[in-house]
Amino acid sequence: MSVATTAPVRLARARYVLPSASSELFEDGALAWADGKVLDVGRYDDVRTIHPEAECWSFPDHLILPGLINAHDHGRGLGTLQMGVSDGPLEVWLSGLFALRTLDPYLAALYDGVQLLASGITTTTHQHNPRDWRNLERELIETARGYSDAGIRACIGVPLMDQNTLSYIGSNAFLRRLPAALAAEVRQSELAAPLPDPHELIAVGLSLRERWQGDDRQWLCWGPVGPQWCSDRLLAAIREVCRKEPIHIHMAETRTQVAFGRKRYGTTLVYHLDRIGFLASDVTCAHCVWVSDDDIGLLAARDVKVAHNPSSNLRLHSGIAPVLKLSDCGVTMGIGLDGHALNDDQDMWSEMRLARALAFAPGILGRSLPAREMLAMATTGGAAIVKAPGNYLGAIAPFGVADFAAVRLDRVRGPYLDLRTDLIDTLLGRAKPIDVDTVVVSGEFSVRAGEPTRVARADIETRLRDLLLAPKSRAQEEREQLSTALIDYIVQLYRNW
Ligand SMILES: [Zn+2]
């Protein structure tokens, strides 16, 4: 099938082309594109016959595959470990976030975008952590500009929450458990600042929906932060305003959160959200580490998607998500880095590898996820999660966007690769970001010869370094001390949950 166009046609020829995770692997393959859209894909001879005049880029020992999709992240730019917050149980780690130093949202997204592109990621999901709720819309616009300047698509989540800032029992109840002097200090600090009216947050979402209407480089996602941070009223209000946008919510990430569900709603968080009519095919639940078999059945029945974040789940002591069960029940899954890859490097290849290694059934009849299924999670699964408007992401196909990566095979193959070894299995088993040679987004090069084309990585790093080496303000130091002082009380609160 060929798509008619009057725009100049470009061609990429590669030793192998894999149009989608489930399709045939073309040896001496090619794809043709124009105006950001794929025209044809298949064997080079066939594609060349249709486009004899097209300018051609050659990838003689590479595999071209669809651009990867990062199904869950926060675009922090620098990892929380680098910013002074050690890994640990999620609820303890969250208290460290109370005092996280703020990075310029443009710079954070620019740097994150560049790092993600280096893995062959062409679309990312951004669930925003606000620096200042009063400035939310501006922060989100700057975030979108950062990703756009890096040359990556972004599904941008407006954060929505209206309860339980300091703990799952509510901020006031938590403050009453603290020694009076500490409670007074927290009350006076920004840690206990009231959340904005939910209507204001929804208004930000509506304004951005309007602003990004028809844009396929950035689009809105509703981002209720999690059932423990959102009242039923807020979730109902989101359902009301949501049209075609995706909804993205953290779900059952830790055992403590599941305990919160039992205490508060007398049931599981998944069941509760379904009971209030929130779950539908436009919802993605991130993490889902602690979901029961019944929960999984419900997620499948409602066609809810799951964003799987294996490294983050390990680093924040959450656990291992039941990925095989979710897969067996037919739940569509994507894979997300969550700013917490195992090597703290936003490496999608090792994330896929870890996800496969963790998703196995032990024993002689044990199985794991096939390489192509894992690749489907990172492409078509992610596409179902980000719901790009009018786009066809996750595969290289006529009428779809020209988003793809060319991976060098020399190091992946090494000095020898047995002919019996499946190439996709080898890719999932051995590829690293250093093997990603070229990344194309919307038909334009975002990475060439392993380097970003639009910005110099070293320049961004210099700007970040200069900003962060400036002395911390007194207020910042006080926030850091306060958040550290809260840790013992957080542990005490949840220890028997
Ligand atoms: Zn997250």
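Any read-out appearing in this document is the output of simple, stated calculations on the displayed coordinates, not a laboratory observation. Model, not experiment: these values are computed from the prediction. We place every Cβ from the backbone using ideal geometry, glycine too, and count neighbours over all the protein chains shown.
For Leu417 and Ala357, the difference between the fully extended length at 0.36 nm per residue and the C-alpha to C-alpha distance is 19.5 nm. Computed over the alpha-carbon pairs of the stretch 74-138, the distance histogram in 5 Å steps reads 4, 15, 24, 24, 19, 12, 2 percent, short to long. Among the GluC sites (Glu not before Pro) in the stretch 90-150, none is located in a DSSP loop while being surrounded by at most 12 other Cβ atoms within 10 Å of its own Cβ. One way to sum up the overall shape of the stretch 133-182 is the equivalent ellipsoid from its Cα gyration tensor, whose semi-axes run 36, 11, 9 Å, largest first.
Calculated on the alpha-carbon coordinates, the convex hull of the stretch 343-486 measures out at 228 cubic angstrom per residue. Taken over the alpha carbons of the stretch 302-352 as equal point scatterers, the Debye sum produces base-10 log I(q)/I(0) values at 0.17 Å⁻¹ of -0.51. Ordered by the count of other Cβ atoms within 10 Å of each Cβ, fewest first, Cys242, Cys329, Cys230, Cys221 give Cys329, Cys242, Cys230, Cys221. The peptide list 427-440, 408-421, put in order of mean Cβ contacts within 10 Å with the highest first, becomes 427-440, 408-421. Hydrophobic, long helices, defined as DSSP H runs whose alpha-carbon span along the helix axis is 30 Å or greater and whose mean Kyte-Doolittle value is at least -1.0, occur in the chain at 474-494. Modelled spin-label separation between Gln213 and Asp294, with each label point placed 7 Å from Cα along the Cα-to-Cβ direction: 4.4 nm.
Normalise the Debye intensity by I(0) for the chain, one equal point scatterer per Cα, no solvent, then take log10 at q = 0.05, 0.07, 0.10 Å⁻¹ and round to two decimals. With no solvent term, the Cα-only Debye profile gives -0.19, -0.37, -0.76. Compute the distribution of all C-alpha to C-alpha distances in the stretch 366-439, in bins of 5 Å from 0, and list the percent of pairs in each, rounded to whole numbers. Calculated P(r), rounded to whole percents: 3, 13, 19, 22, 19, 13, 7, 3, 1.
Only aspartates and glutamates eight or more places from Lys325 in sequence, or on another chain, were considered; those with a Cα closer than 13 Å are Asp293, Asp294, Asp295. For Val241, put the label point 7 Å out on the Cα→Cβ axis and report which residues of the stretch 165-202 keep their amide N under 20 Å from it. 165, 194-202, by backbone N distance to the label point. When only alpha carbons of the stretch 139-276 are considered, Rg and Dmax amount to 17.2, 53 Å.
Simple point charges give the picture: +1 on the Cβ of Lys and Arg, -1 on the Cβ of Asp and Glu, and for the stretch 1-55 a dipole about the Cα centre of about 120 debye. Compared with the direct C-alpha span, the chain from Ala470 to Leu324 gains 47.8 nm at full extension, assuming 0.36 nm per residue.
Taken along the Cα-to-beta-carbon direction at a fixed 7 Å, the label points for Glu190 and Ser281 span 4.3 nm.
Semi-axes of the equivalent ellipsoid of the stretch 401-497 are 43, 25, 13 Å, computed as sqrt(5λ) over the eigenvalues of the C-alpha gyration tensor in descending order. Here the dipole of the chain is about 900 debye; that uses its Cα centre as origin and unit charges on the Cβ of Lys and Arg (positive) and Asp and Glu (negative).
Scoring 65-72, 442-449 by mean Cβ neighbours within 10 Å over their residues and listing the highest first yields 65-72, 442-449. Let's test this: bin the Cα-Cα distances of the stretch 1-150 at 5 Å from zero up to the farthest pair and state each bin's percent. Using 5 Å bins, I get a P(r) of 2, 9, 14, 14, 13, 11, 9, 8, 8, 7, 3, 1, 0 for the stretch 1-150.
Answer with one residue from Ala193, Gly113, Gly297: the one whose Cα lies farthest towards the positive end of the charge dipole of the chain, charges on Cβ with Lys, Arg +1 and Asp, Glu -1. Working it through, the farthest residue towards the positive pole turns out to be Ala193. Each of Ile320, Ile296, Ile385, Ile396 has some number of other Cβ atoms within 10 Å of its Cβ, and from fewest to most they run Ile320, Ile296, Ile396, Ile385. Students often forget the sequence filter, so: which aspartates and glutamates lie under 12 Å Cα-Cα from Lys387 once same-chain residues fewer than 8 apart are removed? Those aspartates and glutamates meeting the cut-off are Asp216, Glu245, Asp282. Charge tally around Thr426: other residues with Cβ under 14 Å, Lys/Arg +1 each, Asp/Glu -1 each, net +4.
For the stretch 126-198, the Cβ-based charge dipole about the Cα centre amounts to some 200 debye (Lys, Arg positive; Asp, Glu negative; other atoms uncharged). Ordered by the count of other Cβ atoms within 10 Å of each Cβ, fewest first, Met352, Met377 give Met352, Met377.
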